[in-house]
Amino acid sequence: MPQELLIQVTPEIASNDSLLKDFISKKSHIPFAELQHIVILKRSIDARQKAIKINLKVAVYTKGELFQENKIELPDYPSVVNAQEVIVVGAGPAGLFAALQLVELGLKPIVVERGKDVKGRRRDLKAINRDHIVNEDSNYCFGEGGAGTYSDGKLYTRSKKRGDVTRILELLVAFGATPDILVEAHPHIGTNKLPQIIQDIREKIIACGGKVLFETRVTDILTKNNEIEGIVTQAGETILANKLILATGHSARDVFELLDRKKIFIEAKAFALGVRAEHPQSLIDQIQYNCDFRGELLPPAPYSIVKQVGGRGMYSFCMCPGGVIAPCATSPGEVVTNGWSPSKRDQATANSGIVIELKLEDFKPFEKFGALAGMEFQKSIEQKAWHLAGESQKVPAQRMIDFVQNKVSSEIPKTSYVPGTTSVEMGQVFPGFLSQILREGFSEFGKSMKGYLTNEAILHAPESRTSSPVRIPRDGLTLEHLQIKGLYPCGEGAGYAGGIISAAIDGEKCALMIAKSLNKQ
Ligand SMILES: Cc1cc2nc3c(=O)[nH]c(=O)nc-3n(C[C@H](O)[C@H](O)[C@H](O)COP(=O)(O)OP(=O)(O)OC[C@H]3O[C@@H](n4cnc5c(N)ncnc54)[C@H](O)[C@@H]3O)c2cc1C
């Protein structure tokens with residue numbers, strides 16, 4: 001049996017095999033020559049002190065001990081060509097992992113996706129960035145892989161069930177992600193690597209006999225006596241099945257409207273909203289690593305910050321070290337920001353959503369919209385931003401200290417947001433109470449992270465798609481919708497996930513529950 005050790009070493013030792021072996025030899029009193037193999041099981045950075053340390057959990061194999069590489073392989077997926085069909089609407093992480101799990105359980109997924117495949121999507125992303133044209137079916141949120149495809153691919157989650165998280169991470173590795181994601185405390189994949197992994201998942205589903213239909217928007221859900229019968233697509237085609245996983249994400253407003261119109265029970269849900277702040281990455285490195293220059297042994301520094309301001313949580317969200325701010329609108333006439341990073345996180349800028357938790361009472365001016373009140377509140381801010389910035393995909397922007405001091409910035413330097421910025425007093429984008437909390441919050445952030453509150457930081461608004469503004473309620477045990485039998489609300493859009501990993505876990509759970517209901521498990 002290998003010996004497992006928890007050690008804390010300098011970044012230099014952590015990145016040099018020979019130095020690490022020497023350190024472990026001394027620490028474990030095993031002679032250097034006896035050490036056969038060292039496997040890193042977990043790695044995290046401790047930047048709390050001036051001298052940065054790397055925490056490692058290692059397995060140490062001495063001579064004569066059997067060492068076998070832990071090869072991660074795909075499950076044995078059966079052919080489901082003639083199996084019972086289950087409709088999965090949405091090919092985001094929830095829909096794709098639901099489909100894979102259905103195949104594993106011997107059921108045939110029919111995945112229906114409004115957007116294009118990963119390759120086709122690229123052209124539409126270019127059109128948003130360069131020509132300010134938003135395709136309502138193919139954009140940063142819609143299309144194969146869902147909202148996570150062109151993201152940072154951060155894979156950490158607050159999900160407590162390590163078994164579920166490890167299973168998803170191992171599947172991602174089996175589909176081509178670097179095995180490092182199993183080791184890092186804060187794993188990420190990167191925008192450049194995600195599309196191939198997603199394409200391979202789709203190919204596996206199809207190879208087993210499942211179907212994946214792109215550019216097929218679902219426009220109606222068919223029910224009879226409160227039971228699912230099937231769906232109708234925008235081309236007028238009907239697809240019948242009595243089990244339906246609805247994994248359409250938090251931006252599918254037309255789906256929420258459809259459910260509301262059909263009186264399928266949904267409810268308003270609070271979410272968080274704010275701005276996306278961009279700093280030079282070198283400045284964040286200096287603050288977080290307490291250094292003048294990061295060097296090559298440490299990755300571009302992330303940050304995570306939370307404060308209570310005016311009785312509400314204000315916190316960093318989806319922070320992208322070495323990343324870029326992206327135009328994430330899903331309809332013309334609105335502006336939405338989010339961020340992504342390539343796998344090396346090697347861009348010169350660091351961005352993060354800085355958001356405030358909303359309460360249901362904030363949606364009061366929109367109460368006539370009932371369950372859609374939060375969605376309409378969100379939409380109104382995105383549309384206001386669009387008007388203020390010049391009715392294109394340009395984004396309202398302001399320097400951070402100027403915003404805190406309520407002063408329009410005289411000019412905005414070029415930021416990573418490709419469609420461009422318009423200098424705007426950001427307070428105009430948000431209701432007064434939110435602007436006030438943001439102003440106070442940034443001052444507080446500046447006290448905790450010295451150097452964070454600076455006019456070198458540029459705020460872009462709004463960051464508004466943090467989670468779903470609607471919940472599609474389901475039974476806690478069967479995961480079936482509370483009113484419609486055979487309907488499984490799933491993933492972030494239904495209000496049961498926040499992020500790639502938790503959406504994937506939720507997809508698997510819905511598939512398992514369907515199999516259980518069919519005595520397939
Ligand atoms: C730029 C960006 C960066 C992000 N970065 C990260 C990150 O680093 N880490 C992280 O964990 N999360 C990140 N997220 C969030 C993450 O992508 C989502 O939490 C996750 O994708 C939710 O998964 P989902 O499957 O529930 O929904 P989605 O990924 O939203 O997928 C829903 C799918 O349903 C489809 N659909 C919608 N309506 C219909 C319809 N009527 N008919 C057919 N299909 C439909 C959509 O086209 C979409 O493909 C990021 C999001 C964005 C936009």
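The values are calculated or read from the model by the stated rules, or taken from the named source; none is laboratory data. Remember, predicted model here, so these are calculated numbers, not experimental data. Glycine also receives a Cβ, built like all others from the backbone with ideal geometry; neighbour counts cover every protein chain displayed. For the accessible areas, the whole protein counts, side chains as well, though only heavy atoms, and no ligand, DNA or RNA atoms are used. Shrake-Rupley method; radii C 1.70, N 1.55, O 1.52, S 1.80 Å.
Key figures for this structure:
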{"quantity": "Overall form of the range 3-62 per C-alpha gyration tensor (a/c, 1.5; a/b vs b/c)", "calculated": "prolate"}
{"quantity": "Those lysines that a straight Cα-Cα span of less than 21 Å connects to LYS57, excepting residues fewer than 8 apart in one chain", "calculated": "LYS21, LYS26, LYS27, LYS42, LYS71, LYS160, LYS161"}
{"quantity": "Most positive-pole-ward Cα, LEU19, LEU5, VAL60, against dipole of the range 3-62 from beta carbon charges", "calculated": "LEU5"}
{"quantity": "All lysines inside 25 Å of LYS485 as judged from Cα atoms, apart from same-chain residues fewer than 8 positions distant", "calculated": "LYS108, LYS211, LYS224, LYS243, LYS262, LYS263, LYS269, LYS509, LYS516, LYS520"}
{"quantity": "Convex hull volume of the chain per residue (C-alpha atoms, cubic angstrom)", "calculated": "151"}
{"quantity": "For the range 369-456, with +1 on Lys and Arg beta carbons and -1 on Asp and Glu, the positive-most of PHE433, MET400, GLN378 along the dipole", "calculated": "MET400"}
{"quantity": "Helix-only [θ]222 nm of the chain, DSSP H runs n ≥ 4, -39500 (n - 2.57) each, per residue, nearest 500", "calculated": "-8500 deg cm²/dmol"}
{"quantity": "Label-point separation, LYS26 to GLU203 (7 Å along Cα→Cβ), nm", "calculated": "4.8"}
{"quantity": "Sulfur and carbon atoms: percent of accessible area, the chain [1.4 Å]", "calculated": "50"}
{"quantity": "Sparsely packed trypsin sites (Lys or Arg not before Pro) within the range 90-189, loop by DSSP, other Cβ within 10 Å at most 14", "calculated": "ARG158, LYS160, LYS161"}
{"quantity": "Highest to lowest packing among 409-422, 488-501, 97-110, scored as the average C-beta count within 10 Å", "calculated": "488-501, 97-110, 409-422"}
{"quantity": "Quarter of Cα convex hull surface for the range 272-463, i.e. mean projection, nm²", "calculated": "10.7"}
{"quantity": "Pair GLN428, GLN49: separation of 7 Å Cα→Cβ label points (nm)", "calculated": "5.1"}
{"quantity": "Net charge dipole size for the chain [Lys, Arg +1 and Asp, Glu -1 on Cβ; Debye, nearest 20]", "calculated": "600"}
{"quantity": "Radius of gyration, Dmax [the range 211-293; alpha carbons; angstrom]", "calculated": "21.7, 67"}
{"quantity": "12 Å Cα-Cα reach of LYS368 towards aspartates and glutamates, excluding residues that sit fewer than 8 places from it in its own chain", "calculated": "GLU376"}
{"quantity": "The range 3-62, dipole about Cα centre (Lys/Arg Cβ +1, Asp/Glu Cβ -1), debye to the nearest 20", "calculated": "300"}
{"quantity": "Packing rank of 299-307, 389-397, 27-35, 252-260, where each peptide gets the mean count of other beta carbons within 10 Å, highest leading", "calculated": "389-397, 252-260, 299-307, 27-35"}
{"quantity": "Gained length - TYR156 relative to SER448, 0.36 nm times residue gap less alpha-carbon distance", "calculated": "102.7 nm"}
{"quantity": "Dipole moment magnitude, nearest 20 debye, the range 193-293 about Cα centre, only Lys, Arg, Asp, Glu C-beta charged", "calculated": "340"}
{"quantity": "Value in Å of the Kirkwood radius, where the range 76-207 supplies the Cα pairs that are averaged", "calculated": "15.6"}
{"quantity": "Calculated FRET efficiency for the pair LYS42/SER410, C-beta based, R₀ 51 Å, to 0.05", "calculated": "0.60"}
{"quantity": "Per residue solvent-accessible surface (Å²) - the range 140-209, probe of 1.4 Å", "calculated": "41"}
{"quantity": "Label-to-label distance, nm, for residues given as MET1 and ILE133 (7 Å Cα→Cβ offset)", "calculated": "6.4"}
